[in-house]
Structure formats: C-alpha cells, structure tokens
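The structure appears right after this line, and notes come after that.
The values are calculated or read from the model by the stated rules, or taken from the named source; none is laboratory data. Worth saying up front: this structure is predicted, and the values here are computed from it rather than measured. Neighbour counts run over all protein chains shown; Cβ positions are idealised from the backbone, glycine included.
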Protein chains: 2
Amino acid sequence: MSHTRTCLQLCFLLVFLSYTVQRVNGVWPLPQQTEESAERYTLSPQLFSFTYGTDSAVKVGCSVLDAAFKRYFSIIFPDFADASEPHPVWSQFKGFGVSVSVKSSGCDGYPDEDSDESYKLSVSEGQALLRSVSVWGALRGLESLSQLVYQDDYGSYFINKTQIVDFPRFAYRGLLLDTSRHYLPLHAILKTLDAMSYSKFNVFHWHIVDDPSFPYQSRSFPDLSNKGAFHPFTHIYTQTDIRRVIEHSRMRGIRVVPEFDSPGHTQSWGKGQPDLLTPCYKGDVPSGSFGPVNPTLDSTYNFMGRLFKEVKSVFPDSYVHIGGDEVSFSCWMSNPNVGAFMKKMGFGKDYTKLESFYMENIMNMTATLNKTSIVWQDVFDYHERIPQDTILEIWKGTTAQYQAEMSRMTKAGHRVVLSAPWYINHISYGQDWRYSYAIQPQNFTGTEEQKKLVIGGEVAMWGEYVDATNLTPRLWPRACAAAERLWSDEAKTLNTDLAFPRLVDFRCKLLRRGIQAEPLFVGYCRHEYNGL
Amino acid sequence: MSHTRTCLQLCFLLVFLSYTVQRVNGVWPLPQQTEESAERYTLSPQLFSFTYGTDSAVKVGCSVLDAAFKRYFSIIFPDFADASEPHPVWSQFKGFGVSVSVKSSGCDGYPDEDSDESYKLSVSEGQALLRSVSVWGALRGLESLSQLVYQDDYGSYFINKTQIVDFPRFAYRGLLLDTSRHYLPLHAILKTLDAMSYSKFNVFHWHIVDDPSFPYQSRSFPDLSNKGAFHPFTHIYTQTDIRRVIEHSRMRGIRVVPEFDSPGHTQSWGKGQPDLLTPCYKGDVPSGSFGPVNPTLDSTYNFMGRLFKEVKSVFPDSYVHIGGDEVSFSCWMSNPNVGAFMKKMGFGKDYTKLESFYMENIMNMTATLNKTSIVWQDVFDYHERIPQDTILEIWKGTTAQYQAEMSRMTKAGHRVVLSAPWYINHISYGQDWRYSYAIQPQNFTGTEEQKKLVIGGEVAMWGEYVDATNLTPRLWPRACAAAERLWSDEAKTLNTDLAFPRLVDFRCKLLRRGIQAEPLFVGYCRHEYNGL
C-alpha cells in the first residue's frame, strides 16, 4: 500500500550503510580539504578545554568566542548537560585542549561581505589547533570541530586525528524568512539562526514586511505596525526584538540584511501611512483601493528617506534589500495624477520609466546612507542602467532562463545572488533536496570575471503556507543542500548519492541539537526528536 | 519575488472575511442539520456545568463521559486553565448547564462498526440538551458543542442559540499511521488521537510493523522486536504502551485496528523469527537474502496462528487488517522448495494461486478468532473468491481506476474502504486539501445496494518521509478535508471556497488546543502555535 517499493529497497540499503559504519565523513558542508586518519582519541568532558593560543590576537573577553566556547561545549558533550550527578574524573583519560588562534583582532564588530571565514583545524593527540584570520573563521572552525566528535555505543566521546583546511566558496550564503505573510515568533527566528550556523549559512535575509502585514515596529512611524501588523502587540517585532536577532546573529557570524520591499508589496504600509500608496481609480473617481507606493509625491520620498535612515541606524549590515519586484501598473495607469506626472516627466506611456524613476530615488537614498542596495531581478529587467554596485537577486525562471539572466547581469558588471532554484517553500513529495543539491551557480555563459560576480546564493522560505507550526521541518534538512553547494568545492560534492548518507548523519546531529529537522528517508536516529 | 500574487489577492480577501466576521459556522465537520440564531448567551466558567439527564441510561461514574466532561471543560474555557488567580463569580452571569442524556447503557465497552454516533444538540438560554443513543454519540455532540463556543475581543465566552441534528455519513472514518518506516513516540500517537477526535475520525488504523522495523513487542515472540525494531528499548511499543493507546482511543470513541501485513512487507519479521521468510536463491544456492513469508511451511502457519491469537487478545476491535499487498514473486520463483510445493498443489506457474493459498489460510485464522479481516485491494485483484465479509481497502489508481475497482468490489458484495485519493503523505505546494475535499466516495457505477457497501474512507500518512518532527503539521489541517467528506452531507459540502474560511477557523481552534496544525494560507490566528 505504499508506493515507493523500488526506491525504498534501493535507498534503504544506503540508509543502512550509514548506520553500520561507525561514522560518516563528519562535517557538513564538506570542508575544502580534509585528511582524516583512523587514529582516534577519547574525549572527556571533565578534561576538555577551549583556550586562546598564545599568539592569538583575541583573548579571554572576546565576546564572540567566549560565548561560542560555552555553546559548543554543550553541543560537543550533550549528555554532560543532561546529567544530574557529578561525573567522576577518571585518571585514564588524558586531557584534550582546543587552542584557538585568531590573527586579526576585533570581537565586537559585525560580519560583513569582506569577512574572512577561512580556518585551519588540526586535531592530534591531546589537542586541536584552530587557526583563523578572523573570529568569524574561528566560529566556522568550531562548528566543524563539533561535528567531528562522535559517541560510540557506550556513550564515550571520540575524535579522529584530522587535518582540515577550509574556506567558503561563496561569500554570500543566505536564507530568507518572510515574517509578513505569517508572523514568526522571535524564538522561531532565533532557532533558525542556530540551525543556520550549523550549516555555515552567513546571511539572514529578513523579508520583514510585505502586503499582508507590517510587523516591524518603527520608532519614526509607529502607526505602520500599530495599524499594519496582524496585531499591534502580539504580532510585531519591537526594537528590542530586532536587537536580539542581530546580536544572536552576530554571535554566530551571521549578517542580518533587512528587506523593505517597495514600491509593490506595500499594502500593509498604507494602513499606517496616509497618502503613501497610490489611490486606484475606477473611471473618474477613486475606487477606494490602493496600488503601489505613489511615486509622484514629494511626501513619499520624505517618508522613505526617514524610514531608511531609521533602518540604517537599526541594522548594522552594509547591505539593505529594497525589493523592487512585481510592480503592477494597473493602479498607476488608472490614476489621473500619475498620468499627469508621467506627461510632465516625459515618460510617455512607459510605466517602467516611472518605476525606474522611483527605484533610482530609493537607491540614491541608500547610497547616501552608505548602504549597498540589493534588489530583485525585476529592477534590472526593466532598467539596465542602475548603479553598478547594486546587487541583483535572481528569483524567477527555469534553469535556462536564470542562467541567461546571470550572463546578462554579470556582463553588465553587477554582482549577483542566485535564489531562483532555491525557493524551498515550494515542497514536493520525496527527496526534493536532491534538486537543490544539483544546482551549479556558476554554470552560465560568461568569462571568469563574470563568474566571480556571483557572490552567492540564497534559500528562500516564503510564508504563504509557513508559520511557526511547520517552519523548522520544512527548512531542515532541505536547506542544507544549498548550504553545501554554497560553501564546498562543487567538484567534490555533485553526487547526491554520496551526499545522502552524510546528510542523513547530519540531520541526526541537527535533531541532537534540538532542531526539529524532518527525515530524509526511512530509518531512525539514536536520539530522535523529543519535543511536541 | 513570491509567485502567487493572483491567488494571494483572491484568497487574502477570503481569509480577511473569516477574521472580520465575529465567527464562522462553528462546527467542523459540518453537522447534517444546523439551525443557528443570532441570539447568544454568555458563558462563565464558574457557572458552567455538565450533568447527566434524569432520563439518561448512563450516570456519574460513566468512565467515557466523566472523562469527556473534564476534557471538554478545559477545551471550552482555555483561559480558565491558564489563569493563576481565582476568578470572581460575577452575579450578573447566569449559570449554564449542559445536560447529557444517553439512551443505551454501557460505558466500559469499545466503539465498533455498529456504534451509533448520532446525537441531537439543543442550545437555548441557560442550557444545552445533548441527546444520543450511545456514549459515542454523546462524545460527538460534546465535540460539536465545544466548537460552538467562542470568545469576543474582551475574552468573554459566548454560545449562540442552536439546534443540531447530526449523524455520520459513513461508519468508518479512518486515519492510518505507519510506525515501521519511522518510529513514532507514544505521545505523538496520543496527540494524533486527540486531533482525530476533534475532526470526528473514529478509526485509528495502526500500520504497526513493516519491512523497515518491527516495533510491536510481542508477548509470544519477543525476538520480533528485540531483533526487528530499530532499537529494542527506545523504538518499541510495549504492551503497556498499546493498552494506553487503546484506552486513549476508547475514551474518544476511536477504534484501534492493527495491521499485521503479510506475506510481503515482512523483512523486519525475519530478523527475530527464523525460517519465517522465504530464502531467495541465486542459481542453485541460497543468496542470503529473503523474500516474503514462506507459504510452504507448516511452521509459518503455526507462527501466524499464535501471533494472531495474541493480536486478538491485545486489540479488542472486531476488525484486523492483514495486509496482503505488493507481494513480489521473484524470490518465491527462485526457490526450488517453493517450486516443488507449487507442483504438489497443482498451482502450475501461477504464483497468485500460492499467494491466495497463503491469504486464505490467514483469513481462516482470523475468522476462527471471530475477527473481520480487512485486506488491501491486491487480494481482491488476484483472487475474486475471498470470504464475502472480508473488507477491501482501495489504495491505488487514478480516479477512474479506483471508481472501476469500487464497482467490481461492491458488485462482488464486498464492503469497501476508500483510501487511494487520501494518501496525504504525498504533499504538494499550496492548498492540496482542496483535492481531498473534492473526492466523492460513492461516485461510481453501481446500484444503491452497492453504494451502501462503501463503509467509509481512510486518510493515510505513510512514514517514508514522516516522523515525529513533521507528522502533526503534515496531518493537520490537511486530514480535516477527508473528515468532513466522510462525516457530512456531500451535497452541502462540495464547494471548497465555502469550506475555506470554515477550515481556516477550525485550524485556529486546533492551534488553540495545542495541535501544531499548519496554516492554510496567509493570515494569523488570535492564539498562534506556542510550542517549539
């Protein structure tokens, strides 16, 4: 009565293999270079330490790493935290010290596009040496280290002699959450950030507002959430909430790139900001409904200027996403004042010119604020002469279509983030992570210089059908496929059958860390999900 | 950047409507007859009571209803249980009493195929009168009553003047869980039973064992789970666990129909029961792998006889599901002893005869034990002359195919359970509940007598990609669509657009009751999911 017999028997074998070997290649996403030996060392929680190397530019007191040591101790020794009795210190165990040396000083800043996330990890008898240029690289190395530790059937902890040299393939490895179509409570966002760090994602693209609701509580314009959120108290993000998200992210080397999408996708904005949206007309009279932001009024640009000034003060990242997608012209076309403005500006009947006019104004604002703009591909599609430092995010089309788009965009000298094939809110039956895994982001017609303009990719979890009830099992482990594509050497990671047992193993690790990650196929984990 | 603009705007309106009206038609699945008035009464938790009617055949001490009163009080007044302060008894509130009268005595039995689930509910000033033939009908009425209560923006509780006459369209309204492909912890099963009762499902089809694992801990054959479960302690159901599931179900008027599927789907059985499975051959020698149960040995039937005798003693329901699906003949064909047996029995080269021979033996066993057998459609497909009281479950084919199958089966006089269109483990993007809702189980060529042989339907949640991490949001509210089809008047419930706001409302009720039900579309509930 269950359809998948052939696949079942085939894949079952694979799952089985993954449980019979003591452990599968430890680290997801796969490091650039790993040498592992069969030689293994026992670890004891009582005789385990994290220390800063004597040559390290950062020392005790480094906020990012002090907190990471505490966090990773519990991740590496999950039973230890559970145990209520004191553990005996057995003399046959030798100590094991993890020495972390960071070349550059700086623990209180934020990760950014130029952050160096490379690290080297050398595990030998009694010690692990972790070297990195920045604290962000040290975080990546600690994550890898934590995944190398495993337990045998008696509960003893082991780590094998290992050498890792690692760095990310792409600087931008993003994940988008949509908190407008459904509100996501703070703890769901924080939990997602935890899981992101386990897969070495480094950008949280926060699509914070959209048509259905405006949960961002603005200092300058409190009515935006008072009137535009699903509920003005229970369904908003206060400034404190946002600071917490940003700090939680920082601690994990994750950037927070907020999106304030306009001129479309702004229905909820209109509730709290009079005259912002274009009144649509039916014949000669306003119909009572509203369209995109009204690009013809000075008040619009005053408002947007103040809003983005606030955004700059709240979100430290150098990028800001300003949207620009899916602007419907029908309302603008219905409105006589917009028509008069078009005429005055000499736009003729070409509403893309009006849209470009609007977006240029917004891009000038963000440039003045020293922010790099990211926009959805639509902005490039209707107007090729946009500032060259604008980053373009590709979200639509078949493989052939987005590859052609990447050719055009990079030829025009723009940096590109690829998201189209990673809209993983689109679910289907079975192992759809295999599609995400097979994507080759630099596979398009172009020069080497063009390929370098691909700064990364982004998994998107749009919220039409997603809220806190199903977010986590839909995201994990499905998002891990893109995480490996964006971090690892593509030549070593194109075979999904080889990836499968490693991902099964990593998914069990996610469960062990309290992430409600759904199963990839028939089987079990030693420590199943215990929530509910 | 999110694709569903048209649908978004359309459906958004619908969602919106459902939030602006004070309340949507209260009860899911829709009762057969409802008359509701705008007249409403305030309810106070302090002045609310459940009592047995003076003419009721069951009284205080009735296990099923005493427990239900306690349960439904907390469901009706969710804030009351939360409050830490004592509530003042305000004198302006009048009392409200729910009087329950059951015609037939009996509180300690189990629901079965003949249970009368009908009820009448009359809500008027100060009281609700609930009348039913059996305690099972009273449970259905209490569920409806609980869904009629709503809160206004100030938190006050109300119920409208209402008359309901209700009964189920089909006697068998099942939900299948698969605990072999992934183990489901006990609390996940109990939670599912809770949610089932909210949608008036009444059969838990427990597909307890299969190829991947054998979590049923048998008294007679403990090695089946010792060796065949994923883990002999953490991934099994003890006899105590099973009693708890059965009692939890009984309290909610839900039958537990266990499935011990054979001769295929038994790989895990072979681990703990030597000589049960057929050794496959490669040329003249055993290959080391095993096929279906060996139908040629007396020891097989001795074992199956003892196992089903135990099953009878453990599971009180009059039905037992004995599987019979997807038997692969290749292993039997490879084995020379099976070949010799075929010859001796005069089966020629027709292995369906061997399969029929085996299934007849099993059906004879269950008949001797006074159990009604349910089998998957395969058994009918290869062998039309099976005992006429055998119930056939349809699991495959397109709409046209399963309709033709229903024609043939009912023409042969068999009772039928339809599951094929309700394999809701098969997920897809968007509002796929609409497909489940549109199914018309009696829409096939046949006489009225034939239509009556359709005893119901079953939602199946197979476990290839499902465990405790994602079970609940995949099941709910998607399963509710089939629940309404199986309970309600089809003529009144075919329009999915009309059903949509009611289901949105019901899904919020499920959240309020702690069921992690996923969203149907953009929007929010006053009380969102609070777990995680």
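Figures for the structure shown
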| read-out | value |
| --- | --- |
| From the options A:Gly463, A:Gly446, A:Gly430, residue that is within 27 Å of A:Arg415 (Cβ to Cβ), among the small types (Gly, Ala, Ser), within 14 Å of chain B (Cβ to nearest Cβ) and part of a loop (DSSP other than H, G, I, E, B) | A:Gly463 |
| Qualifying positions in the stretch A:456-504 - in contact with a helix residue (DSSP H, G or I) (Cβ under 6 Å, 6 or more places away or on another chain) and of a type in the set (Phe, Trp, Tyr) | A:Trp476, A:Phe500 |
| Boolean, B:Gly413 is in contact (Cβ under 8 Å) with a residue 40 or more places away in the chain and either surrounded by 16 or more Cβ atoms within 10 Å (Cβ to Cβ) or outside any loop (DSSP other than H, G, I, E, B) (or both) | no |
| Pairs with Cβ under 6 Å, 6+ apart, first in the stretch B:112-128 and closer than 21 Å to B:Phe48 by Cα, second of a type in the set (D, E, K, R) and assigned to a loop (DSSP other than H, G, I, E, B) | B:Gly126/B:Lys94 |
| Total residues in the stretch B:171-183, condition buried (at least 24 other Cβ atoms within 10 Å of the Cβ), of a type outside the set (Lys, Arg) and out of contact with any His (no Cβ under 8 Å at 6 or more places or on another chain) | 2 |
| Checking B:Ala479 against (1) crowded, with 23+ Cβ neighbours inside 10 Å; (2) within 11 Å of chain A (Cβ to nearest Cβ), the condition it does not meet | (2) |
| Selection count, the stretch B:405-420, where residues are among the aliphatic types (A, V, I, L, M) and either touching a His at 6+ places or on another chain (Cβ under 6 Å) or within 14 Å of another protein chain (Cβ to nearest Cβ) (or both) | 3 |
| Tally, over the stretch A:113-137, of residues that are closer than 18 Å to A:Ser63 by Cβ, in contact with a strand residue (DSSP E or B) (Cβ under 7 Å, 6 or more places away or on another chain) and not in a strand (DSSP E or B) | 3 |
| The stretch B:372-397 residues that are under 17 Å from B:Tyr358 (Cα atoms), paired with ones that are charged (D, E, K, R) and surrounded by 24 or more Cβ atoms within 10 Å (Cβ to Cβ) (beta carbon under 6 Å, 6 or more apart) | B:Ile374/B:Glu393; B:Trp376/B:Glu393 |
| Counted residues, the stretch A:174-218 - those being basic (Lys, Arg) and assigned to a loop (DSSP other than H, G, I, E, B) | 2 |
| Any hit, the stretch B:95-103, residues being assigned to a loop (DSSP other than H, G, I, E, B) and modelled with pLDDT of 95 or more | yes |
| Qualifying residues in the stretch B:293-309 (those that are of a type outside the set (S, T, N, Q) and under 17 Å from B:Ser268 (Cβ atoms)) - the one farthest from the other protein chains (Cβ to nearest Cβ) | B:Phe303 |
| Selected residue [of a type in the set (Gly, Ala, Ser), surrounded by fewer than 21 Cβ atoms within 10 Å (Cβ to Cβ), in contact (Cβ under 8 Å) with a residue 12 or more places away in the chain and at negative phi] from A:Ser225, A:Ser220, A:Ser197, A:Ser213 | A:Ser220 |
| Residue ranges of helices (runs of 4 or more DSSP H) in the stretch B:277-369 with at least 3 members assigned by the TED database to the domain that holds B:Ile242 and out of contact with any strand residue (DSSP E or B) (no Cβ under 7 Å at 6 or more places or on another chain) | B:298-314, B:336-345, B:351-368 |
| Filter pass, B:Asp55 being at pLDDT below 90, surrounded by fewer than 16 Cβ atoms within 10 Å (Cβ to Cβ) and more than 30 Å from A:His265 (Cβ to Cβ) | no |
| Condition met for B:Thr469 (at the interface with chain A (Cβ under 10 Å from one of its Cβ atoms) and either of a type outside the set (S, T, N, Q) or over 18 Å from B:Ser144 (Cβ atoms) (or both)) | yes |
| Filter pass, B:Ser328 being touching a residue at least 60 places away in the same chain (Cβ under 8 Å) and within 11 Å of chain A (Cβ to nearest Cβ) | yes |
| Search result, residues across the stretch A:196-222 that are away from chain B (no Cβ under 12 Å) and out of contact with any strand residue (DSSP E or B) (no Cβ under 9 Å at 6 or more places or on another chain) | A:Ser197, A:Tyr198, A:Phe214, A:Ser218, A:Arg219, A:Ser220, A:Phe221, A:Pro222 |
| Matching residues in the stretch B:391-410 - criterion: being surrounded by 17 or more Cβ atoms within 10 Å (Cβ to Cβ) and either in a strand (DSSP E or B) or in contact with a helix residue (DSSP H, G or I) (Cβ under 7 Å, 6 or more places away or on another chain) (or both) | B:Ile391, B:Leu392, B:Glu393, B:Ile394, B:Trp395, B:Lys396, B:Tyr402, B:Met409, B:Thr410 |
| Residue selected from the stretch B:488-532 under the condition part of a loop (DSSP other than H, G, I, E, B) and within 20 Å of B:Thr34 (Cα to Cα), by the criterion farthest from the other protein chains (Cβ to nearest Cβ) | B:Asp489 |
